[in-house]
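Nothing in this text is a laboratory measurement; each read-out follows from the coordinates by a stated rule. Since the structure is predicted, the reported quantities are computational estimates derived from the model, not experimental observations. Backbone-built Cβ (ideal geometry, glycine too); neighbour counts: all protein chains shown.
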Amino acid sequence: MNAIWGLAYITFKEGIKNRAIFGIFIMVVLMLAAVVTLTNLFMRDIVKVAADLSLATISFSGLLMTLFIGTNLLAKDIDKRTIYMVISRPVSRAQYLIGKFFGLFLLVSAAVLFLGFVSSLPVYFAGLGYQNPQSIFKWHVYFTAILFIAMKLTLIASIIIFFSSITSTSFITLVLTIATYLIGSTNEVVKGILEAKIEGVTISPLMGGIIKFVYYVFPNLSAFDLKIQAAHGIAIPIEYLLWVSAYWLLYMGVMISAGALIIRRREFP
């Protein structure tokens with residue numbers, strides 16, 4: 001366990017020093033400044049617009065950071081041969097992979113915490129400048145949405161680690177992760193269309209089976225999207241939060257366990 005946390009700490013420190021983070025944070029500041037400008041163009045529901053745009057900024061910038069840093073974690077160690085220095089010590093390959101994941105997990109969580117604080121400023125100032133007695137915006141729903149963005153990004157981090165255990169090429173890992181992200185963000189909509197049974201539209205049993213297979217195998221990332229609830233102040237049922245949290249833990253556990261099994265049998269170049 002000490003080896004895992006030691007690797008996690010080193011990964012976290014290396015991630016903080018990565019130049020990509022500073023570039024992304026500068027982009028976030030500019031995007032949040034644009035949020036303040038855009039909200040002034042609306043006559044009503046300024047707080048709702050500010051909350052929606054701020055959460056979208058966190059989600060997009062957090063995804064960029066997770067992709068840029070996560071896809072290079074294992075590939076960089078393999079290219080520089082530093083992985084041999086680690087596994088030559090009393091550290092198993094599975095511990096190495098889990099330590100890398102927890103380091104990325106901590107980095108993503110810390111980044112989202114910082115971004116959540118920064119993104120709340122435009123929403124707060126929008127509320128000060130636009131007093132609407134009918135506004136139903138709730139801060140606890142907004143911060144719950146930020147928490148679920150962090151959960152989604154850490155889930156994507158586990159997928160990156162899984163693909164990194166299969167291939168040594170960071171580009172292939174990036175492509176596979178982006179494809180998984182796009183499928184996971186839309187599979188619930190596609191399944192909903194399948195179940196809607198629109199008149200005049202017929203779907204073959206084979207295609208229906210493929211859609212259901214994709215829905216259950218790929219992560220349902222849209223379940224973590226609470227921007228609408230946060231912007232409109234809609235209460236989120238506790239049962240839904242618990243279900244998504246359990247799903248999050250289960251899927252991450254499967255990804256990391258599968259990655260650990262693969263890397264134990266893998267031959268490094």
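Worth pointing out:
- Arranged from fewest to most other beta-carbon atoms within 10 Å of their beta carbon, H140, H232 become H140, H232.
- Alpha-carbon centroid distance for the pair region 207-236 / region 239-266, whole angstrom: 17
- Residues T154, T167, T173 arranged by fewest to most Cβ contacts within 10 Å: T167, T154, T173
- Take the Cα of S245, go 7 Å toward its beta carbon, and the backbone nitrogen atoms of region 140-181 under 18 Å from that spot belong to 140-155.
- Extending 7 Å from Cα along the Cβ direction at V190 and again at L121 yields two label points whose distance is 4.1 nm.
- Filter on K138/K212; K13/K152; K48/K100; K17/K152 - keep pairs with C-alpha separation over 31 Å: K138/K212; K48/K100
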